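Each remark here refers to the structure printed beneath this line.
The values are calculated or read from the model by the stated rules, or taken from the named source; none is laboratory data. What you see is a predicted model, and the numbers here were worked out from it, not measured in a lab. In this analysis, Cβ positions are derived from the backbone assuming ideal geometry, glycine residues included, and neighbour counts consider all displayed protein chains.
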Amino acid sequence: MPRKVVASYFLSLDGVAEDADKFLTGWDDETDAVGARLIETQDAVVLGRRTYDEWAGFWPTSDIQPFTAFINAVPKYVATSKPLESAWSNAQVIDSDLAEFVRHLKEQPGGDIGVHGSISVTQTLLAAGLVDELSLVIVPTIVTTGRRLLDGLPGIRLETITCTTSASGHLLVDYRVVH
């Protein structure tokens with residue numbers, strides 16, 4: 001059975017995914033639990049260059065668990081055309097076409113492949129039909145500015161897998177991408 005690609009994001013109600021720390025004002029146990037369950041099934045992560053550069057300077061010394069232990073240990077594949085300047089354990093540059101690389105990675109044995117915080121990577125993989133699930137924390141805030149996760153994509157049909165509301169009012173929803 002092929003591996004799943006699961007893209008995970010914090011989104012504002014109007015779809016902004018960029019700089020979620022600016023609009024994510026509440027946190028709760030339900031949101032933590034969703035994140036912990038998500039990473040339990042992942043044994044590889046695909047990141048864009050911008051996310052890699054930001055995260056390589058933060059996560060190696062962070063004490064935010066369980067994500068710190070996960071992201072520092074997991075193999076990280078980075079979509080970039082330039083060598084990585086910051087060293088981070090288990091990181092390597094994708095040296096081929098992103099969609100082809102992920103298509104090949106999905107055929108290898110293993111757990112789920114996560115895409116976290118890399119909007120352009122997720123957009124590319126959604127457009128190529130390679131994302132299997134979207135795991136979203138939708139924050140009840142309208143931001144109006146910033147990059148939106150789903151802008152510029154072709155029509156994509158989704159089926160709801162789970163949907164709950166957290167104590168902070170976040171909509172915690174997992175979608176299956178219908179291929």
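Taking the numbered list (1) closer than 17 Å to residue 41 by Cβ; (2) not in a strand (DSSP E or B) in turn, residue 156 passes all entries but (1).
The condition (being touching a residue at least 24 places away in the same chain (Cβ under 8 Å), of a type in the set (D, E, K, R) and touching a Phe, Trp or Tyr at 6+ places or on another chain (Cβ under 9 Å)) is satisfied by just one residue among 133, 107, 85: 133.
Scan the stretch 111-124 and give yes if some residue there is at negative phi, free of Cβ contacts under 8 Å to residues at least 60 places away in the same chain and surrounded by 12 or more Cβ atoms within 10 Å (Cβ to Cβ), otherwise no. Yes, the stretch 111-124 contains a residue that is at negative phi, free of Cβ contacts under 8 Å to residues at least 60 places away in the same chain and surrounded by 12 or more Cβ atoms within 10 Å (Cβ to Cβ).
Of all the residues in the stretch 126-179, those that are closer than 14 Å to residue 14 by Cβ, surrounded by 13 or more Cβ atoms within 10 Å (Cβ to Cβ) and charged (D, E, K, R) number 2. Only one entry in 91, 87, 79 is among the small types (Gly, Ala, Ser) and at pLDDT below 95, namely 87. Scan the stretch 75-97 for residues that are in contact with a helix residue (DSSP H, G or I) (Cβ under 8 Å, 6 or more places away or on another chain) and surrounded by 12 or more Cβ atoms within 10 Å (Cβ to Cβ) and the total you get is 12.
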